[in-house]
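J.: Just dropping this structure here.
The values are calculated or read from the model by the stated rules, or taken from the named source; none is laboratory data. This one's a predicted model, so the numbers in the text were calculated from it and none came from an experiment. Virtual Cβ from ideal backbone geometry, glycine too; neighbours counted across all protein chains shown.
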Amino acid sequence: MRWALGLALSAVAGFVDAVGWIAFGGVFVAFMSGNTTRMGVEAVRGDLAAAWQAAQPILAFTAGAVLGAALRRRSGLAGLLAAEAAALAVAAALVAASAPAVLPLALAMGMQNLARQAAGPAQLGGTFITGTLVGLGQALASAEWRAAGAQGAAWLALLAGIVAGAIGMGAGAAPALAGVALLMLILAATVAVVGS
């Protein structure tokens, strides 16, 4: 169950990041490396408004990680997944109302990293895919085929989520995000009933 949940969470991270990228003009909501790079470059260029714009998802993501750690301790994995579903539903409602939704999406993805830590093996990353690819390379170099398969599956789950998110944008960002919020609620209920 833990492995399947970890793969599902990686796919959700890819889906949400693709929706965020397309809907908000190249803003990452699940991957903070790109936002950090943009923030630094814009600060050096002297465009402090653009640097601040790049910093906001980083701050929301970090707040999500703090909130996720507290929720995981107090409410367990099911409570954490339900909170992520709520943040995604808020984002869907904001998009439907033509309001900015980057911050609740980044908050949700920050929370999800804590869910993923509880749901799968180390380096099963959806928002730290570089580590997954490094793990894949190490496993291939050592001929550790099972580990390579696990790392490859994590990368493919993320890629599948990205593709699904890009396709889901055909219906619009609000329905796409509402759908993924519902999926997270189903995952939370499943974890509550079955366990992780």
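J.: Taking interchain pairs and intrachain pairs at least six residues apart, which have beta carbon atoms under 7 angstrom, with the first residue in segment 163-190 and farther than 19 Å from GLY26 by Cβ and the second among the acidic types (Asp, Glu) and surrounded by 15 or more Cβ atoms within 10 Å (Cβ to Cβ)?
T.: Within 7 Å, the pairs are MET184/GLU84.
J.: Within segment 181-196, which residues are crowded, with 17+ Cβ neighbours inside 10 Å and under 14 Å from ARG2 (Cα atoms)?
T.: Matches in segment 181-196: LEU187, ALA188, THR190, VAL191, SER196.
J.: Which ones in segment 19-31 are more than 8 Å from the chain's Cα centre (by Cα), crowded, with 24+ Cβ neighbours inside 10 Å and in contact (Cβ under 8 Å) with a residue 40 or more places away in the chain?
T.: Those that are more than 8 Å from the chain's Cα centre (by Cα), crowded, with 24+ Cβ neighbours inside 10 Å and in contact (Cβ under 8 Å) with a residue 40 or more places away in the chain: VAL19, GLY20.
J.: Take LEU48 and tell me if it is surrounded by fewer than 22 Cβ atoms within 10 Å (Cβ to Cβ), in contact with an Asp or Glu (Cβ under 8 Å, 6 or more places away or on another chain) and more than 30 Å from VAL193 (Cβ to Cβ).
T.: yes
J.: Identify, from the list LEU103, LEU80, LEU71, the residue that is out of contact with any strand residue (DSSP E or B) (no Cβ under 8 Å at 6 or more places or on another chain), surrounded by 17 or more Cβ atoms within 10 Å (Cβ to Cβ) and under 20 Å from ALA176 (Cβ atoms).
T.: LEU103
J.: Does any residue in segment 34-58 that is under 19 Å from ALA106 (Cα atoms) come within less than 8 Å, Cβ to Cβ, of a residue that is at pLDDT below 95 and hydroxyl-bearing (Ser, Thr, Tyr) six or more places away or on a different chain, and which pairs are these?
T.: From residues that are under 19 Å from ALA106 (Cα atoms), the pairs are ALA54/THR36; ILE58/THR36.
J.: Related question: Would you tally the residues in segment 96-130 being in a helix (DSSP H, G or I), modelled with pLDDT of 70 or more and more than 14 Å from the chain's Cα centre (by Cα)?
T.: 1
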